[in-house]
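The values are calculated or read from the model by the stated rules, or taken from the named source; none is laboratory data. Computed from a predicted structure; not experimentally measured. Note: ideal-geometry Cβ built from the backbone for every residue, glycine included; neighbour counts use all protein chains shown. All accessible areas refer to the heavy atoms of the entire protein, side chains included, with ligands and DNA or RNA removed. Shrake-Rupley method; radii C 1.70, N 1.55, O 1.52, S 1.80 Å.
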Amino acid sequence: MDDKTYGEYREYIELDILSMNIYDWFSNFAQTCMLLKNIVYLSDVETSEVWIKMIADGEDVQISEIYADKPDGSHSVETDINLDEKNRVWEKTVKVLDFQRELVFKGEQYLLELKKLNSETNEYIKKLEMQLKEIK
């Protein structure tokens, strides 16, 4: 506009870094849902000590934000890890089915937006579609 450029245009690159952070959250929560039999830890992709701890208990899931060191070699989603919990910031209990429905609903809305900006054959889009289908 007026011979000035604003922002950055990258013709051949899909899913920018901001989109990847949001994408990672959706993908990691989807993976967490699929593993939700006992305790699952979801590493906060943006901080070094924050985890989301999810404990399935029948029809309910207890979700809490905790502080614990991230061991070397730990992954975004963990089920078999011993964390030294330093602090619990918040905690909430919700129905597993409500959590799954909300994740699928919001995930599908997010996918629609991604498809407007990227090729539908994008490997990340395909992966998230498969994860959400598995949760349904």
> Just one of Glu120, Glu108, Glu134 is surrounded by fewer than 13 Cβ atoms within 10 Å (Cβ to Cβ) and modelled with pLDDT of 90 or more; which is it?
Replying inline: Glu134
> Does Ile81 satisfy the condition of being part of a helix (DSSP H, G or I) and in contact with a Phe, Trp or Tyr (Cβ under 8 Å, 6 or more places away or on another chain)?
Replying inline: no
> Is it true that Asp60 is open to solvent by less than 80 Å² (accessible area, probe 1.4 Å), of a type in the set (Asp, Glu) and at pLDDT below 90?
Replying inline: no
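Here's the yes/no breakdown for (1) over 20 Å from Lys133 (Cα atoms); (2) of a type in the set (D, E, K, R); (3) at pLDDT 90 or above; (4) over 13 Å from the mean Cα position of the chain (by Cα):
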site	(1), (2), (3), (4)
Arg10	yes, yes, no, yes
Glu14	yes, yes, no, yes
Ile22	no, no, no, no
Asn38	yes, no, no, yes
Glu46	yes, yes, no, no
Ile81	yes, no, yes, yes
Asp84	yes, yes, yes, yes
Lys92	yes, yes, yes, yes
Leu97	no, no, yes, yes
> Quick check: anything in the range 43-63 farther than 17 Å from Asn21 by Cα and aromatic (Phe, Trp, Tyr)?
Replying inline: no
>> Test of understanding: among Leu103, Leu114, which residue is outside any loop (DSSP other than H, G, I, E, B), at pLDDT below 95 and under 23 Å from Tyr23 (Cα atoms)?
In response: Leu114
